[in-house]
Amino acid sequence: AVVSTQSTGLKLPNIIEGYPTKVVGLAFLPPIFYLSIFNFFSFWQWFLGASREPWIHLPSLEMKLFGCNPHQIISRYTSPLLDTIAAIPYLVHFLLVLLYPPYCYIHRKRIGSLEPALRSLWCGGIVCSVSVLTQLFLPTAPPWFNESAVYDADGKLLGMAFNEAGFQRVDAHYGYLLFHEMYSKSPITFGSFPSLHVAFPTVILMNGSWISWKFGLFHVCLISWAALYSHHHYLIDVIGGFMLTFFTYQIYHKVWNPFRRADKMCEARSSLLEEGV
């Protein structure tokens with residue numbers, strides 16, 4: 001609502017839960033930027049002249065760092081039960097991105113303020129934006145590609161597996177091409193590093209899990225395992241997603257937090273109005 005006083009002729013910006021509307025709008029900029037890149041990924045590849053050839057050296061990098069490829073060890077034994085367990089956090093992931101910020105807004109009074117909702121949009125959007133820019137300028141091949149790609153003698157790609165990777169077993173178990181349809185529509189094929197499937201649950205964990213921090217930590221661990229088990233990601237992708245989120249929140253809390261400062265400014269301004277200043 002617009003706050004004004006006829007006696008002084010003072011007009012203030014629109015206020016939403018103690019925050020100026022322009023500050024609330026600021027929280028939406030990173031998600032909007034991310035969606036503008038993600039949804040038009042092919043256009044930006046063409047417009048910026050970005051390489052479409054994936055960087056295929058993550059397995060060798062892992063061998064140097066860990067002495068093995070952890071995803072191969074984790075997926076050595078598969079079963080319909082494990083496939084289903086791995087599929088659940090992947091399916092929930094898409095709902096989390098849409099539902100978590102509104103959840104923070106709806107429960108803002110119980111949480112204490114509007115800041116967690118704004119923070120989830122701001123930090124989550126930055127994490128997603130940095131990830132998609134990395135995937136734009138440094139496309140990285142996931143395990144399923146490196147393990148299935150067939151090249152001719154000249155190095156031309158002849159064929160590869162479908163990008164639902166290990167979840168094609170889930171489609172086969174239940175007789176419905178859910179993951180195939182979902183991943184065939186993705187504009188990004190080579191986006192292994194960093195893992196957004198791990199990054200966004202980490203955003204929720206660091207922002208304030210909606211059930212408990214223990215459940216949030218369990219969720220991060222579960223989807224990390226699922227990413228490796230399904231051959232969608234390498235361990236280094238998982239670590240990259242976690243570290244990107246961690247540093248984003250460190251910058252938010254220690255370098256620049258536009259929403260906390262805006263809240264204090266609004267409180268001070270409101271108190272001045274109440275005092276008739």
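Specify the angular offset, from 0 to 90 degrees and rounded to the nearest 10, of the alpha carbon long axis of helix 80-106 from the longest principal axis of the alpha carbons in the chain. Approximately 20 degrees, to the nearest 10.
For residue 140, the residues whose amide H sits under 5 Å from its own are 55, 191, 192, 193, ignoring neighbours fewer than 5 places away on the same chain, with H placed 1.01 Å from N.
Taking all protein chains as shown and a probe of 1.4 angstrom, residue 28 keeps an accessible surface of around 90 Å². The calculated 222 nm mean residue ellipticity attributable to helices in the chain amounts to -20500 deg cm²/dmol, summing -39500 (n - 2.57) over DSSP H runs of n ≥ 4 and dividing by all residues.
Summing Lys and Arg as +1 and Asp and Glu as -1 over all other residues whose Cβ lies under 9 Å from the Cβ of residue 177 gives a net charge of -3. Across 120, 186, the residue with the most accessible area heads the list, and the full order at a 1.4 Å probe is 186, 120.
When GluC sites (Glu not before Pro) are flagged only if DSSP places them in a loop and at most 15 other Cβ atoms lie within 10 Å, the longest unflagged stretch of the chain comes out as 18-274. Summing charges over all other residues whose Cβ lies under 15 Å from the Cβ of residue 229, with Lys and Arg as +1 and Asp and Glu as -1, gives -2.
Helix 196-208 axis versus longest C-alpha principal axis of the chain: approximately 30°, rounded to the nearest ten.
The number of Lys pairs in the chain with C-alpha atoms less than 24 Å apart, excluding pairs fewer than 8 positions apart on the same chain, is 9.
Using the Cα coordinates of the chain, the gyration tensor eigenvalues translate into equivalent-ellipsoid semi-axes of 42, 21, 16 Å, sorted from longest to shortest. Rolling a 1.4 Å probe over the protein chains gives residue 57 an accessible area of about 90 Å².
Summing charges over all other residues whose Cβ lies under 12 Å from the Cβ of residue 142, with Lys and Arg as +1 and Asp and Glu as -1, gives -3. Calculated accessible area for region 157-254 comes out at 46 Å² per residue, all protein chains present (probe 1.4 Å; ligands, DNA, RNA ignored).
Roughly how tilted is helix 115-137, in degrees to the nearest 10 and between 0 and 90, from the longest Cα axis of the chain? Compared with the principal axis, the helix lies near 40 degrees. With both labels modelled 7 Å from their Cα along Cα-to-Cβ, the residue 73 to residue 33 distance reads 3.8 nm. Taking all protein chains as they are arranged and a probe of 1.4 Å, the heavy atoms of residue 92 leave approximately 60 Å² accessible to solvent.
Ligands, DNA and RNA left out, the 1.4 Å accessible surface of the chain is 67% carbon and sulfur atoms.
The values are calculated or read from the model by the stated rules, or taken from the named source; none is laboratory data. Bear in mind the structure is a predicted one, so any value in this text is a computation, not a measurement. Because the Cβ atoms are built from the backbone with ideal geometry, glycine has one as well, and the counts that use them run over all protein chains shown. Keep in mind that these areas ignore ligands, DNA and RNA; they rest on the heavy atoms of the full protein, side chains included. Shrake-Rupley method; radii C 1.70, N 1.55, O 1.52, S 1.80 Å.
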